[in-house]
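**Q** Dropping a structure here in structure tokens format, bear with me for questions.
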Amino acid sequence: MKKSYKKLLINNKKWVSEQLELDPNYFENLAHGQTPEYLWIGCSDSRVPANTITGTDPGEMFVHRNIANMVVHSDMNMLSVLSYAVEVLKVKHIIVCGHYGCGGVIAAMGNKQIGLIDNWLRHIKDVYRYHHKELDQIKDEKQRARRFVEVNVMEQVHDLGKTSIVQNAWKHKQPLHIHGWVYDINDGIIKDLDVTFTCTKDLHKVYHLD
């Protein structure tokens, strides 16, 4: 057990040596600050590392992760990340990325009581309720779960647009696009769901903020 965590420190030293060999000023340049163009809101699943699957380097992507890549309007952690990314870092793109086979989504499809996480799963269950007519028609459970992952991402894109943080950025003509993607662990490919919000007009008028 002790060796299992020690290897992380060994790997770190190896990684530092490799980076310095490629660029002696790598860490000096990185320490000057970050100017990421992207905010990634993804799942906490260890199989979906944002930088790795997008081929981005440290400093290129600001990242927030939680169970099932949710945008919950009472989640101060997520809102703080969003605020800093949009208002301070001035990111140009926010990407909500789900993944097929998501444990949180699959758990939300069932009725088993798990524990504390049940409170979080209710937000995902709300998405199912919004789309239950479409989802209930899909008899194959795996296919239904895959579609549930997709509509969940779409709802989170909507929920980002509803925030005052995003709407104020649009109001001040700040270039900001919100995208919905899904990563397939089975082949490593990211699917663009073609749901992109670029202004308040993309939202139903009831969500528009003056």
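The values are calculated or read from the model by the stated rules, or taken from the named source; none is laboratory data. Nothing here was measured: the structure is a model prediction, and the numbers come from that model. Every residue, glycine among them, receives a Cβ derived from its backbone with ideal geometry; neighbour counts consider all protein chains shown.
**Q** Scan segment 51-78 for residues that are surrounded by 12 or more Cβ atoms within 10 Å (Cβ to Cβ) and among the polar types (S, T, N, Q) and report the count.
**A** Going through segment 51-78 one residue at a time, the tally reaches 5.
**Q** Let me ask another. Ala85 - would you say it is part of a loop (DSSP other than H, G, I, E, B) and touching a strand residue (DSSP E or B) at 6+ places or on another chain (Cβ under 7 Å)?
**A** Taking the combined requirement at face value, the residue does not satisfy it.
**Q** While we're on this one: Would a scan of segment 28-40 turn up a residue that is within 30 Å of Leu116 (Cβ to Cβ) and assigned by TED's automatic domain parsing to the domain that holds Val182?
**A** Yes, segment 28-40 contains at least one residue that is within 30 Å of Leu116 (Cβ to Cβ) and assigned by TED's automatic domain parsing to the domain that holds Val182.
**Q** Return the total of residues in segment 79-110 being within 14 Å of Gly42 (Cβ to Cβ) and crowded, with 22+ Cβ neighbours inside 10 Å.
**A** Qualifying residue count for the region: 11.
**Q** Also, quick follow-up: Say we look at segment 1-37 and pick out the residues that are part of a helix (DSSP H, G or I) and touching a Gly at 6+ places or on another chain (Cβ under 9 Å); which of these is farthest from Ser80 (Cα to Cα)?
**A** For segment 1-37, the residue satisfying everything is Asn29.
**Q** Would you check if His158 is under 24 Å from Ser80 (Cβ atoms), within 15 Å of the chain's Cα centre (by Cα) and part of a strand (DSSP E or B)?
**A** It is false that His158 is under 24 Å from Ser80 (Cβ atoms), within 15 Å of the chain's Cα centre (by Cα) and part of a strand (DSSP E or B).
Results for (1) assigned to a helix (DSSP H, G or I); (2) exposed (fewer than 13 other Cβ atoms within 10 Å of the Cβ); (3) assigned by TED's automatic domain parsing to the domain that holds Ile41; (4) not hydroxyl-bearing (Ser, Thr, Tyr), shown as yes or no for each residue.
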residue: Leu116; (1), (2), (3), (4): no, yes, yes, yes
residue: Leu121; (1), (2), (3), (4): yes, no, yes, yes
residue: Arg144; (1), (2), (3), (4): yes, no, yes, yes
residue: Glu150; (1), (2), (3), (4): yes, no, yes, yes
residue: Val153; (1), (2), (3), (4): yes, no, yes, yes
residue: Gly188; (1), (2), (3), (4): no, yes, yes, yes
residue: Thr196; (1), (2), (3), (4): no, no, yes, no
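**Q** For segment 32-50, which residues satisfy the criterion of being loosely packed, with under 10 Cβ neighbours inside 10 Å and either touching a Pro at 6+ places or on another chain (Cβ under 6 Å) or over 23 Å from Ala107 (Cα atoms) (or both)?
**A** His32, Gly33
**Q** Here's a follow-up. Filter segment 125-142 for residues that are more than 24 Å from Tyr207 (Cα to Cα) and aliphatic (A, V, I, L, M); which is surrounded by the fewest Cβ atoms within 10 Å (Cβ to Cβ)?
**A** Top of the filtered list is Ile138.
**Q** Is it the case that segment 38-50 has a residue that's in a helix (DSSP H, G or I) and within 13 Å of the chain's Cα centre (by Cα)?
**A** The answer is yes; a qualifying residue exists.
**Q** Now, a different point. Can you pull out the residues in segment 161-197 that are aliphatic (A, V, I, L, M) and under 22 Å from Tyr84 (Cβ atoms)?
**A** Residues satisfying the conditions are Ile165, Val166, Ala169, Leu176, Ile178.
**Q** Output the residues belonging to segment 168-186 that are in contact with a Cys (Cβ under 9 Å, 6 or more places away or on another chain) and part of a helix (DSSP H, G or I).
**A** The answer is Trp170, and nothing else.
**Q** Testing Ser80 on (1) of a type outside the set (A, V, I, L, M, F, W, C); (2) assigned to a loop (DSSP other than H, G, I, E, B); (3) under 21 Å from Gln174 (Cα atoms), one condition comes back false. Which one is that?
**A** It is condition (2) that Ser80 fails.
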